[in-house]
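The values are calculated or read from the model by the stated rules, or taken from the named source; none is laboratory data. All values reported here derive from a predicted model rather than from experimental measurement. Using ideal geometry, Cβ is built from the backbone for each residue, glycine included, and neighbour counts are taken over all protein chains shown. Accessible surface areas use protein heavy atoms only, side chains included; no ligands, DNA or RNA. Shrake-Rupley method; radii C 1.70, N 1.55, O 1.52, S 1.80 Å.
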Amino acid sequence: SPLDPQTSNGVDIGASYSAGGYSFTISAYYMRLRDEIHYNPVSFENVNLDPTRRYGLELSGTAEINERLRLQGNYTYMRSKFRDGPFDGNTVPLVPENTATVSAIWKQSPATDLIVAASYIDNKYFDNDQSNTFGRNIPSYKTVDAKISHRFRGYRVTAEANNIFEEKAVDYGVSSSSAPGVYSAYPLPERTLLFTVSKAFGGAS
């Protein structure tokens, strides 16, 4: 059958503060969703979920330590629950409860930046586990990435190292609907290196 459009009603409230090189933002939100669109890995098609609700808290902050060093942080707390149907009250799969990122940006010169970022993703239910009874979750994981960028004569040269410490992490997994305890998982790459050279035309680089 054709999909119904996803709709939501919600409210959010927030506050921000900034002074002397420091800034901070906090916001809370609540959403009621109907016909949330989700890809069903068993039937290989998009489907409408039973009514759900999402609510949580978002925090972010920036600190200008000096003219070269800036620190940034973001944290999100999210709960996602079914609010009707056979899974009423259960957690929606694939939604981590806690996520956080902390970054340090070092400006070596007006043309050269170094960024180091550490991220945390909480555990979450496997896809296809709307009943929350599979018995295991996709594990939480942490990654550390680094990137250096230099501008030279209109070109930007960038070198990146992602997942520096080769964290063994799974970002997506689906539980079997026919074999108890069996699941398929799709791991993230371990350490990856990327080198790029780019040039912007028709504007500032």
So R68 fits all but one of (1) in contact with a strand residue (DSSP E or B) (Cβ under 6 Å, 6 or more places away or on another chain); (2) free of Cβ contacts under 8 Å to residues at least 40 places away in the same chain; what number is the exception?
(2)
Could we say that F201 is under 24 Å from E97 (Cα atoms), assigned to a loop (DSSP other than H, G, I, E, B) and over 16 Å from the mean Cα position of the chain (by Cα) here?
no
Here's a check for you: in segment 170-205, which residue that is in contact with a Gly (Cβ under 6 Å, 6 or more places away or on another chain) and at pLDDT 90 or above is farthest from D122 (Cα to Cα)?
Y183
Mind checking whether some residue in segment 107-121 is in a strand (DSSP E or B), open to solvent by less than 60 Å² (accessible area, probe 1.4 Å) and closer than 30 Å to A179 by Cα?
yes
Among D84, D88, D129, which is part of a loop (DSSP other than H, G, I, E, B), charged (D, E, K, R), open to solvent by less than 60 Å² (accessible area, probe 1.4 Å) and closer than 29 Å to D35 by Cα?
D129
Picking from N74, N66, which residue would you name as being assigned to a strand (DSSP E or B), open to solvent by 60 Å² or more (accessible area, probe 1.4 Å) and more than 18 Å from V11 (Cβ to Cβ)?
N74
